[in-house]
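Where a number appears in this text, it was derived from the coordinates with a stated rule and is not lab data. Just so it is clear, the model here is predicted, and its values are computed rather than measured. Note that each Cβ is placed from the backbone with ideal geometry, even for glycine, and that neighbours are counted across all protein chains shown.
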């Protein structure tokens, strides 16, 4: 079955305290986005990559591709203009896929460069059998939730909690139908968009190193993990 990966990146660098959008920061001397794209090419050599960026970031990305020619050599991709929200950026990526059936599409955060190749492969295999696959890991920490009626934080059973990651993989026809829906505030990820159609979401095991690089601390962790890889 044909495979696509939509890599969505729209960060501005504010939480990273950087003037450079976080997806363009260098990790082991290469842009974070390069590492992200490469993981999918390592998983499946024939996968088609779609990179969704704000249009005003296109010149920066083109410059990085000139400075690091291995990006286009190893990870050829289609560049698509993003939208005002994550929903609209994913929607733009989905609309860039011209076929309507018999393809699996992964949507992945551009700043999750450490997703394992094995996880990508296993998630695609699960999606091919069950229609979709969403990476998730169990919580290592104790968790409490705010109760506004009692004005307290009450404990939750962490064994019943899953922390959702990406990629999130769906059949292309299902994604196209899901993203015809109107935007809702509770669309926190792509799975929540698909779920509104009544589709049961399939969770598969992720990897704890698949962190979303958001803060300077995350960058330090990512540098350490890639050095030891």
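For the chain, modelled as a GNM with alpha-carbon contacts under 10 angstrom, which of 130, 108, 62 fluctuates the most?
62
What's the exposure ranking of 150, 195, 171, going from fewest to most Cβ atoms within 10 Å? Walk me through the intermediate numbers first.
On the way: 150 8, 195 17, 171 20.
Fewest-to-most Cβ neighbours within 10 Å comes out as 150, 195, 171.
Work the Kirkwood hydrodynamic radius out for the range 37-82: mean of 1/r over every pair of different alpha-carbon atoms, inverted, in Å. Could the numbers behind the result be given before it?
On the way: mean 1/r = 0.0899 Å⁻¹.
It works out to 11.1 Å.
For 109, 189, 147, what ranking results if the residue with the fewest other Cβ atoms within 10 Å of its Cβ goes first?
147, 189, 109
So in the range 1-135, what percent of DSSP beta bridges are antiparallel if you round to the nearest 5? Present the calculation step by step, with values, prior to reporting the outcome.
On the way: 2 of 19 bridges.
If I count the DSSP bridges inside the range 1-135, around 10 percent turn out antiparallel.
Find, to one decimal place in angstroms, the Kirkwood hydrodynamic radius of the chain, where the mean of 1/r is taken over every pair of different Cα atoms and then inverted.
Values: mean 1/r = 0.0547 Å⁻¹.
Hydrodynamic radius (Kirkwood, Cα only) of the chain equals 18.3 Å.
Highest GNM mean-square fluctuation, the chain, Cα pairs closer than 10 Å: which of 202, 66, 95?
The residue that fluctuates most here is 66.
Run the numbers for residue 154 and residue 212: contour at 0.36 nm per residue of separation, minus the present Cα-Cα distance, in nm. Write down the numbers at each step before the final one.
Details: separation 58, 0.36 × 58 = 20.88 nm, distance 2.70 nm.
Extending this stretch completely gives an extra 18.2 nm.
Taking a cut-off of 13 Å, what percent of all Cα-Cα pairs in the range 182-229 are separated by more than that?
Working: 772 of 1128 pairs.
That tail contains 68 percent of the Cα-Cα pairs.
What is the distance, in nm, between label points placed 7 Å from the Cα along the Cα-to-Cβ direction at residue 68 and at residue 81?
2.6
What order do you get for 146, 61 when you list them from fewest to most C-beta neighbours inside 10 Å?
On the way: 146 9, 61 20.
Starting with the residue having the fewest Cβ neighbours, the order is 146, 61.
With both partners inside the chain, how many of the DSSP beta bridges are antiparallel, as a percent to the nearest 5? The partial results should precede the final answer.
On the way: 17 of 37 bridges.
Expressed as a percentage, antiparallel bridges in the chain total about 45.
Identify which of 50, 161, 169 has the largest mean-square fluctuation in a Gaussian network model of the chain, with springs joining Cα atoms closer than 10 Å.
Of 50, 161, 169, the most mobile in the Gaussian network model is 161.
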